[in-house]
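These notes concern the structure reproduced below.
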Amino acid sequence: MGYSALPLTKLIEQFASLPGIGMKTAQRLAFYVLTLSDDEAKAFSDAILEAHEKIKNCEICKNFTDKPICDICADKLRDHSVICVVEDAKDVAAFERTREYKGVYHVLHGLISPMDGIGPDQLYIKALLDRIAEEDVKEVIMATNPTVEGEATAMYISRLLKPLGIKTSRLAFGIPVGSSLEYADEMTLFKALENRSEI
């Protein structure tokens, strides 16, 4: 890497190990951290340690929270009869930004992926089934990504729910608003046709 200072090299390597961070970005972040005052650097490291120590999974939906039950599950104004199943906690944040969804969530913390050695038992699928057995759930929305793993996970869970008589729906996928058809891939166009609605 060309840096003789081992602590700097280690810092760059730590940033580079984060998802979506390449070596150049890792270097920029590491050099930025070196410009922080001692107090700012300590506040930064304390925030990481505090989040790591205090953030746990909600006892109900498995979303990240610093309480036994997250604010969404504790909210009596939410529709607890509709559960949106997502891959991870950042998907919950994406839905919440829309301010349109009024139901609750269930976070799987991954997708079924035999190639990566991840089976149903490593995900929070049993916790979802336990929830459904205990609560008056009318609909489960499968909101996993439209990837091979996301589709496989959605199908697996929907097959488990079918005998329970619970409505299971899948997010519609298609052309993003503001994009051009000529740049859409075949699967996106197919999904857009398949999920078309009357106007």
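The values are calculated or read from the model by the stated rules, or taken from the named source; none is laboratory data. Because the structure is predicted, anything quoted here is derived from the model rather than measured. Cβ coordinates were reconstructed from backbone atoms using ideal geometry, including for glycine residues, and neighbour counts include every protein chain displayed. Protein only, heavy atoms only, side chains kept; ligands, DNA and RNA dropped before computing areas. Shrake-Rupley method; radii C 1.70, N 1.55, O 1.52, S 1.80 Å.
Rounded to the nearest 20, the size of the Cβ-charge dipole of the chain about its Cα centre is 200 debye, with Lys and Arg at +1 and Asp and Glu at -1.
Determine, from the Cβ-Cβ distance of Arg97 and Ser180 and an R0 of 22 Å, the FRET efficiency 1/(1 + (r/R0)^6), rounded to the nearest 0.05. It would help to have the intermediate numbers written out before the result.
Values: r = 25 Å, r/R0 = 1.12.
The computed FRET efficiency comes out at 0.35.
Taking the convex hull of the alpha carbon positions in region 1-155 and averaging its projected area over all directions gives 12.4 nm². Residue pairs exceeding 19 angstrom between C-alpha atoms, taken from Lys42/Lys62; Lys10/Lys56; Lys76/Lys138; Lys67/Lys138; Lys76/Lys102: Lys42/Lys62; Lys10/Lys56; Lys67/Lys138. The phi-based Karplus calculation (6.51 cos²θ - 1.76 cosθ + 1.60; θ = phi - 60°) puts the 3J(HN,Hα) values of region 89-101 at 4, 5, 5, 4, 4, 5, 5, 5, 5, 6, 6, 9, 7 Hz, whole numbers, x for Gly and Pro. Multiplying the residue separation of Ile21 and Ala133 by 0.36 nm and subtracting their alpha-carbon distance yields 36.2 nm.
Per residue, the accessible area of region 15-159 comes to 62 Å², computed with a 1.4 Å probe over protein heavy atoms only. Taking amide hydrogens as placed 1.01 Å from N in the peptide plane, the amide H of Ile141 sits under 5 Å from those of Ile83, Cys84, Val85, Ser169, each at least 5 positions away in sequence or on another chain.
Whole-Hz Karplus values for region 49-55 come out as 5, 5, 4, 5, 7, 9, 7 Hz, taken residue by residue from phi with 6.51 cos²θ - 1.76 cosθ + 1.60 and θ = phi - 60°; glycine and proline positions read x. With R₀ fixed at 41 Å, the C-beta to C-beta distance from Met155 to Asp66 puts the FRET efficiency at about 0.75. Of the accessible area of region 76-199, computed with a 1.4 Å probe over protein heavy atoms only, carbon and sulfur atoms account for 58 percent. Modelled spin-label separation between Lys126 and Leu189, with each label point placed 7 Å from Cα along the Cα-to-Cβ direction: 4.6 nm. Annotation: amide H-H contacts under 5 Å for Gly103 (H modelled 1.01 Å from N, sequence separation of 5 or more, or interchain): Asp79. Evaluating 6.51 cos²θ - 1.76 cosθ + 1.60 at θ = phi - 60° for every residue in region 109-120, the Karplus couplings come out as 6, x, 10, 5, 8, x, 4, 9, x, 9, x, x Hz, glycine and proline recorded as x. Label-to-label distance for Thr147 and Lys76 is 4.0 nm, based on points extended 7 Å past Cα in the beta-carbon direction. Put a dot 7 Å past the Cα of Ile48, heading toward its Cβ, do the same for Phe173, and the two dots end up 3.4 nm apart. Here the Kirkwood formula, the inverse mean of 1/r across different C-alpha pairs, assigns region 57-120 a hydrodynamic radius of 12.4 Å.
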